[in-house]
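Below you'll find the structure, written out as structure tokens, and then a few comments.
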Amino acid sequence: MNTPVRARRDLPESPYLAAASGRKPAHVPVWFMRQAGRSLPEYRALRERHSMLAACFEPEVACEITLQPVRRHGVDAAILFSDIVVPLRAAGVELDIVADVGPVIAHPVRSDADIEAMKPLEPQAIAPISEAVSLLVGALGDVPLIGFAGAPFTLASYLVEGGPSRNHARTKAMMLAEPHSWHALMSKLTDLTIAFLRGQLEAGVDAIQVFDSWAGTLSLADYRHYVLPHSSRVFATLSDYGVPMTHFGVGTAELLGAMSSALKCGMKPRQATVVGVDWRTSLADAAARVEPGTALQGNLDPVVLLAGWPVVERSARAVIDDGRRAVDAGATGHVFNLGHGVLPETDPAILTDLVALVHSL
């Protein structure tokens, strides 16, 4: 499949793009998952006037929320303000994001008829997201913009469970007992993920990240059989855009090699691929598990940010040192990040000071 490739912004001085691409950055780049929101008072002020989903579909609001942490913290990359269930909503799935709960699906997918009834994602349905990206490309200057989507497995889990789940029992039961139905669902969700990311790429994002938030609930064998072919198709289909691509999940220590192979499937030689690592696995260990030619992202425990500056500084220095060991062990670069998202109770001043510290190192 030949993908029409939009001309990319030229950002040769970007430390984030350099580290992700295996070049030497001017300093260790840093950005934070969930940096755009939750912990920021300016974000909370905006959310008093807009629901989560409404904010995602309002280009000017999504643009402003995306810019807030760049202005405040001086991070090396912005990530589009959105949510992994946005493409589901755009494709007609009735859902809401409930405070202190998460995404709740009105009519969970439980049968072949439910799967058959799912609609594809039409480009016009995500026009507001594309418009937000276009606004951001003009506003960010030399700061790269990361687009993102949920991976097919994580989207499937929300759809089948009806919302967040501790054990993902219904999801795994369908996967194991009804493999034909499972792969039909995953195929549709793979198409949806590709369409959502393609819209962002066509609008001008400089990199993408795919969140497989719940993949860590799977064994390596089940991941390889039921998930990896679909995630691989996402990355392979979008490889012609030539942007750095990151794959991230929580609790995925045993899956890091398979997740990096999903990234590499269909990629051109020397194309930038990054695997996100949570705080449970050292970066040096992760470097030994991923495919050659892979950069790493991570992996400060978000809870460390609640423990006071001396602990934050000590822990951040340890992550930087671990990142250097990972590069010595074969990783092509290191992007400093948390091992998961910023917690709502985090003091924004701590994040600002952490960025300055990482840059100084």
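The values are calculated or read from the model by the stated rules, or taken from the named source; none is laboratory data. Every value quoted in this text rests on a predicted model; they were computed, and no experiment measured them. As a convention, Cβ positions derive from the backbone with ideal geometry for all residues, glycine included, and neighbour counts pool all protein chains shown.
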**Prompt:** (1) among the basic types (K, R); (2) without any contact (Cβ under 8 Å) to a residue 12 or more places away in the chain; (3) part of a loop (DSSP other than H, G, I, E, B): which one isn't true of R44, the others all being true?
**Reply:** (3)
**Message:** Give all pairs with beta carbons closer than 9 Å in which a residue from region 298-313 that is of a type in the set (S, T, N, Q) meets a residue that is part of a helix (DSSP H, G or I) and modelled with pLDDT of 95 or more; count only pairs at least 6 apart in sequence or on separate chains.
**Reply:** N299/L283; N299/A286; N299/V319; N299/D322; N299/G323
**In region 330-344, residue farthest from A18 (Cα to Cα) [restricted to those that are touching a Pro at 6+ places or on another chain (Cβ under 8 Å) and assigned to a loop (DSSP other than H, G, I, E, B)]** = L343
**Residue identified as under 14 Å from G147 (Cα atoms) and in a loop (DSSP other than H, G, I, E, B) among R23, R49, R34, R38** = R34
**Message:** Kindly evaluate T193 against the criterion of being surrounded by 23 or more Cβ atoms within 10 Å (Cβ to Cβ), assigned to a helix (DSSP H, G or I) and touching a residue at least 40 places away in the same chain (Cβ under 8 Å).
**Reply:** yes
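Take residues that are out of contact with any Asp or Glu (no Cβ under 8 Å at 6 or more places or on another chain) and among the hydrophobic types (A, V, I, L, M, F, W, C) and tell me which of the strands (runs of 3 or more DSSP E) falling wholly in region 81-156 contain 2 or more. Before the answer, list the steps.
Values: elements: 95-98, 102-105, 145-150.
Passing ranges, in order: 95-98, 145-150.
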**Request:** Give just the number: which of (1) within 19 Å of S213 (Cα to Cα); (2) buried (at least 21 other Cβ atoms within 10 Å of the Cβ); (3) touching a strand residue (DSSP E or B) at 6+ places or on another chain (Cβ under 7 Å) does A258 not satisfy?
**Result:** (3)
**Asked** When you look at D353, is it out of contact with any Lys or Arg (no Cβ under 8 Å at 6 or more places or on another chain), over 25 Å from V210 (Cα atoms) and at pLDDT 95 or above, yes or no?
**Response** yes
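Within region 323-330, does at least one residue satisfy the condition of being buried (at least 24 other Cβ atoms within 10 Å of the Cβ), of a type outside the set (K, R), touching a residue at least 60 places away in the same chain (Cβ under 8 Å) and closer than 23 Å to G251 by Cβ?
Yes, there is a match, as at least one residue in region 323-330 is buried (at least 24 other Cβ atoms within 10 Å of the Cβ), of a type outside the set (K, R), touching a residue at least 60 places away in the same chain (Cβ under 8 Å) and closer than 23 Å to G251 by Cβ.
Going through region 92-110 one residue at a time, which ones are small (G, A, S) and in contact (Cβ under 8 Å) with a residue 12 or more places away in the chain?
G92, G102, A106
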**Prompt:** Quick one: would you say K172 is within 18 Å of P103 (Cβ to Cβ), over 14 Å from the mean Cα position of the chain (by Cα), basic (K, R) and not in a strand (DSSP E or B)?
**Reply:** no
